[in-house]
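Peer 1: Once you've had a glance at the structure underneath, I'll fire off some questions.
The values are calculated or read from the model by the stated rules, or taken from the named source; none is laboratory data. As the structure is a computational prediction, the values presented were derived from the model and not from experiment. A quick note on method: Cβ atoms are made from the backbone with ideal geometry, for glycine too, and the neighbour counts reach across all protein chains shown.
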Amino acid sequence: MKYTLTVLLLITFISYNLGQNKILRRVPDEKSFRHDTERETKLSAVKTPLTHSRKADVKIGSGINGKELNQMGKESLSTADIRTGYLYQIWNDPNWEDNLKYSAVLDGSGYIVEEVWQTWNGSEWVNTDKETETHDVNRNWLEWIWYEWDGNWIEKQKQTQTYDINENWTEWILYKWNNGWADSLRLTATYDLNGNWTEQLGFVSFGSGWEPDDRETQSYDLNGNWTEWLDYNLDGGNWVLADRWTQEYDANGNWTQWIDYDRSGSDWVPDNRETLEYDGNENWTDWKSYDWSGSWIEDERETQSYNGDGNWEVWTHYNWTISGWLADEKENAEYNGDKIILWTSQQWVMGAWVNSWQEDYIYDSSNNNTELIYKEWNGTDWENMERYTYTYSPVSGISVIPGRVFTYNLSENYPNPFNPSTLIQYQLPENGFVSLKIYDITGREIASLINQDQTSGKYAVSFDAADLASGLYLYQLKVNNFTSTKKMMLLK
């Protein structure tokens with residue numbers, strides 16, 4: 001919710017090397033956040049590893065900004081409104097008590113140009129944080145500034161980003177305020193002819209210029225799926241290999257196996273392995289993770305089933321024991337059409353499933369999620385804990401961007417990390433049936449943003465994730481014979 005939390009989580013994240021990965025279900029603790037943010041995708045044709053060492057406070061790799069157009073929750077639904085505010089309250093029986101308020105300011109074209117967070121002190125709302133953004137004519141963000149309130153708005157951080165002629169980001173810089181803007185972190189990226197990044201370099205500044213700190217490279221197969229990612233450390237002025245990931249795919253471009261290797265002398269030693277199975281509709285159904293100890297040893301497992309509309313219905317988590325897989329957590333979803341209305345979690349305790357927490361969703365006639373109530377089980381009944389009440393502003397559905405297009409491309413979402421909304425841009429060199437979907441990192445479909453015929457051109461569409469837990473999500477574009485999937489990180 002507050003950017004201070006975003007900074008704290010991201011700093012926690014970059015303090016680790018890329019390593020074992022878990023599947024995020026709820027708001028993560030320190031350990032699970034490390035694992036979930038470092039692992040890229042559990043579902044997709046493209047899994048792009050993060051630039052881990054320079055990810056503090058990052059909008060890295062953002063592609064664009066523009067009209068905030070669609071509201072998306074945990075279910076697949078479409079709306080033409082943008083969420084421009086919410087009120088967060090905590091239950092103090094018998095009343096809801098105000099705690100936090102968020103509001104966004106739009107310009108005449110529907111751009112979010114300012115966001116403000118306030119807390120309730122018992123008698124009035126008090127400013128805490130503010131963010132402002134500027135953009136170029138192509139909706140690429142150029143400058144972002146974060147402020148904290150201390151009687152006045154005080155600058156804390158600034159980020160800038162530049163682009164090549166294909167609108168791929170090429171340089172990102174983070175500045176810290178110290179009686180003026182001071183250089184802190186810098187990232188550069190290079191790309192192949194297909195727009196896939198092939199090398200990223202990280203730099204730090206100690207006041208006397210940029211010093212190299214991190215290098216990453218990535219290679220791809222003929223279908224544009226990444227197959228090998230390498231991380232290097234700087235040692236005596238030379239780049240030395242430190243970490244390696246590989247990924248394999250089935251005939252449909254779905255990833256089926258991911259392996260993490262550690263460097264031991266001149267050899268690569270397996271460390272972690274993950275596998276994923278799918279049903280006939282390409283929904284993931286069975287995920288397993290393994291640890292290496294001379295051979296692969298089972299560690300964790302997750303399964304997921306779906307209803308007749310293709311929405312996830314039951315998710316179950318297992319741990320490996322000497323007796324085999326033992327279930328310890330289960331989540332169930334109920335729907336009204338495609339709209340999720342009830343999300344329930346249960347824990348396996350002494351041979352029985354016991355209620356844990358529940359979320360209720362309420363919608364208006366435009367399919368906007370106007371209220372979310374989080375409850376916990378007290379042993380006999382559901383007890384209110386937290387409530388979000390959302391407000392919206394109407395804008396149009398899909399933004400068409402002027403300009404000629406010669407190649408397919410799915411841009412990085414902006415902002416990234418984001419809270420609660422982000423914008424996705426893509427381009428089509430020819431007409432075709434377009435599918436643009438959002439998935440969680442377990443492969444479950446969260447939202448269908450586009451599912452229609454479109455003519456060639458550039459497009460931008462918004463995704464609102466205010467109802468989702470913090471973590472890593474995927475967005476995938478499919479049109480004609482082109483498929484591309486990218487990551488985005490939600491931080492609240």
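Peer 1: When you scan region 259-272, do you find a residue that is closer than 30 Å to Asp467 by Cα and of a type outside the set (S, T, N, Q), even just one?
Peer 2: No, the conditions are met nowhere in region 259-272.
A quick yes/no check of all residues on (1) without any contact (Cβ under 8 Å) to a residue 40 or more places away in the chain; (2) in contact with a Pro (Cβ under 9 Å, 6 or more places away or on another chain):
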{"site": "Asn378", "(1), (2)": "yes, no"}
{"site": "Leu428", "(1), (2)": "no, no"}
{"site": "Leu436", "(1), (2)": "no, no"}
{"site": "Gly471", "(1), (2)": "no, yes"}
{"site": "Gln476", "(1), (2)": "no, no"}
{"site": "Lys492", "(1), (2)": "no, yes"}
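Peer 1: Looking only at region 324-344, count how many residues are in contact (Cβ under 8 Å) with a residue 40 or more places away in the chain, assigned to a strand (DSSP E or B) and within 17 Å of Leu468 (Cβ to Cβ).
Peer 2: Total satisfying the criteria: 6.
Peer 1: Out of region 190-203, which residues are surrounded by fewer than 17 Cβ atoms within 10 Å (Cβ to Cβ), outside any loop (DSSP other than H, G, I, E, B) and free of Cβ contacts under 8 Å to residues at least 24 places away in the same chain?
Peer 2: Thr190, Thr198, Glu199
Peer 1: Where residues in region 367-385 are within 21 Å of Leu100 (Cα to Cα) and under 23 Å from the mean Cα position of the chain (by Cα), which of them is surrounded by the most Cβ atoms within 10 Å (Cβ to Cβ)?
Peer 2: Asn369
Peer 1: Which members of region 103-121 meet the condition of being modelled with pLDDT under 95 and either in contact with a Pro (Cβ under 6 Å, 6 or more places away or on another chain) or of a type outside the set (S, T, N, Q) (or both)?
Peer 2: Selection gives Ala104, Val105, Leu106, Asp107, Gly108, Gly110, Tyr111, Ile112, Val113, Glu114, Glu115.
Residue-by-condition table, conditions (1) part of a strand (DSSP E or B); (2) out of contact with any Lys or Arg (no Cβ under 8 Å at 6 or more places or on another chain):
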residue: Gln157; (1), (2): yes, no
residue: Thr160; (1), (2): yes, yes
residue: Ile165; (1), (2): no, yes
residue: Glu171; (1), (2): yes, no
residue: Leu174; (1), (2): yes, no
residue: Asp183; (1), (2): yes, yes
residue: Leu187; (1), (2): yes, no
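Peer 1: Could you tell me how many of the residues in region 225-259 are without any contact (Cβ under 8 Å) to a residue 60 or more places away in the chain, surrounded by 13 or more Cβ atoms within 10 Å (Cβ to Cβ) and out of contact with any Pro (no Cβ under 7 Å at 6 or more places or on another chain)?
Peer 2: 13
Peer 1: Does Glu124 qualify as being farther than 30 Å from Glu383 by Cα and among the acidic types (Asp, Glu)?
Peer 2: no
Peer 1: Now for a different question. Could you please give the count of residues in region 452-477 that are among the basic types (Lys, Arg) and surrounded by fewer than 19 Cβ atoms within 10 Å (Cβ to Cβ)?
Peer 2: 0
Peer 1: Can Asp299 be described as assigned to a strand (DSSP E or B) and charged (D, E, K, R)? Before the answer, list the steps.
Peer 2: Values: assigned to a strand (DSSP E or B): yes; charged (D, E, K, R): yes.
Yes; evaluated as a whole, the condition is true for this residue.
Peer 1: A further question follows. From Ser295, Ser264, Ser323, Ser305, which residue is at pLDDT below 95 and closer than 28 Å to Trp245 by Cα?
Peer 2: Criteria check complete, one pass: Ser264.
Peer 1: Can you find, within region 170-221, the residue that is modelled with the lowest pLDDT among those that are among the polar types (S, T, N, Q) and more than 27 Å from the chain's Cα centre (by Cα)?
Peer 2: Ser208
Peer 1: Which number in (1) closer than 28 Å to Ala189 by Cβ; (2) loosely packed, with under 15 Cβ neighbours inside 10 Å; (3) touching a residue at least 12 places away in the same chain (Cβ under 8 Å) marks the one condition that Asp262 misses?
Peer 2: (2)
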